[in-house]
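These notes are about the structure you will find just below.
The values are calculated or read from the model by the stated rules, or taken from the named source; none is laboratory data. Quick caveat: nothing in here was measured; it's all calculated off a predicted structure. We place every Cβ from the backbone using ideal geometry, glycine too, and count neighbours over all the protein chains shown. Side chains included, ligands, DNA and RNA excluded: accessible areas come from the protein's heavy atoms. Shrake-Rupley method; radii C 1.70, N 1.55, O 1.52, S 1.80 Å.
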Amino acid sequence: MEQVRNIVILTGAGVSAESGIGTFRDAGGLWENHRVEDVATPEAFARDPDLVFRFYDTRREQVLQVEPNAAHHALARLQREWPARTGGSVMLVTQNVDDLHDRALGAADGAEVIHMHGEHLSAWCTACDGRTRWTASLIDSPPCPSCGAPALRPDIVWFGEMPYRMDEIFAALEDADLFVSIGTSGAVYPAAGFVRTAADMGAHTLELNLEPSQGTDWFDEARHGPATQTVPVWVEEMLKGKG
Ligand code: BJW
């Protein structure tokens, strides 16, 4: 591997699994006998908004009850320490809609977490396009704090909708020396294609996952095991200059 300066990390549900948040595609990925793909769509929301509100109310409550684990803390340490030690950058892109990376990172100058699929603790007003931190229920259509319209929905990217901040993410992938994918099945696009974009632009690619993902053959290197074990070891290696 060439000298590494710029790193892009993509995380998925496997990173939060050991904090107690179930993944999407393990154990059938069902909720009250509905496939996630049948609840997390604009069509499902139009057809049965109460079902979709109930699904997200339950999951929002769960997020408030769990804590970041050793993998979230190790990645936050890399985000804080890597730029000062190397002059390079770490972009952390998560598909997760929990706030566990954010809580592990805390307030760190210049570092942030990109939530490409949205956030449970945010509500989006489809009337005024405003976003508000939200921890309560949405099921009774409360008024938007900015415009008063009863038009709030979960600030989640559903199937068929455009994930957030794609221009920034693709620009970082083009500049990356190392792309690392952690705890994601590689089943959902465009995130599943990031490994090929990064590799095409010359980055080394590494998968850290419990088991080989759907896209494992696209990676130069893979390490398998629970994220709370593999991620701290990898971060320690990077910060000791063995990356
Ligand atoms: C551990 C572990 C431990 C467990 N340690 N690891 C046909 C072909 C190709 C694409 C499409 C197609 N038809 C439609 C599409 C596009 C569609 C798509 O990809 N569909 C697929 C189902 C095929 N994608 C979209 O619609 C996206 N938008 C889009 O494409 O816009 C157009 C566009 C074009 C060009 C450029 C850009 C955009 C939007 C996708 C939105 C996804 N939203 C969700 C819902 C969130 C809501 C919610 O929370 O309710 O996001 S779906 C769900 O899947 C969630 C996740 O972020 C996402 C990914 O799941 P993830 O994180 O990988 O979880 P799992 O469960 O799948 O995997 C967990 C992994 O962890 C496993 O491998 C475990 O082994 C591992 N693991 N324990 C380490 N302890």
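Test of understanding: among Met238, Met201, which residue is open to solvent by 50 Å² or more (accessible area, probe 1.4 Å) and either at positive phi or touching a residue at least 24 places away in the same chain (Cβ under 8 Å) (or both)? Of the residues listed, the single one that is open to solvent by 50 Å² or more (accessible area, probe 1.4 Å) and either at positive phi or touching a residue at least 24 places away in the same chain (Cβ under 8 Å) (or both) is Met201.
Evaluate the following for Arg35: is it within 12 Å of the ligand (Cβ to nearest atom), open to solvent by 50 Å² or more (accessible area, probe 1.4 Å) and more than 21 Å from Leu173 (Cβ to Cβ)? Considered against the rule, which asks whether it is within 12 Å of the ligand (Cβ to nearest atom), open to solvent by 50 Å² or more (accessible area, probe 1.4 Å) and more than 21 Å from Leu173 (Cβ to Cβ), Arg35 comes out as yes.
Does Arg165 satisfy the criteria of being open to solvent by 50 Å² or more (accessible area, probe 1.4 Å) and at negative phi? The answer is no for Arg165. Screening Val93 against (1) touching a Leu at 6+ places or on another chain (Cβ under 7 Å); (2) surrounded by fewer than 19 Cβ atoms within 10 Å (Cβ to Cβ) leaves a single unmet condition, (2).
Scanning region 184-212 for residues that are within 13 Å of Thr11 (Cα to Cα) and over 16 Å from the mean Cα position of the chain (by Cα) returns Leu206, Leu210.
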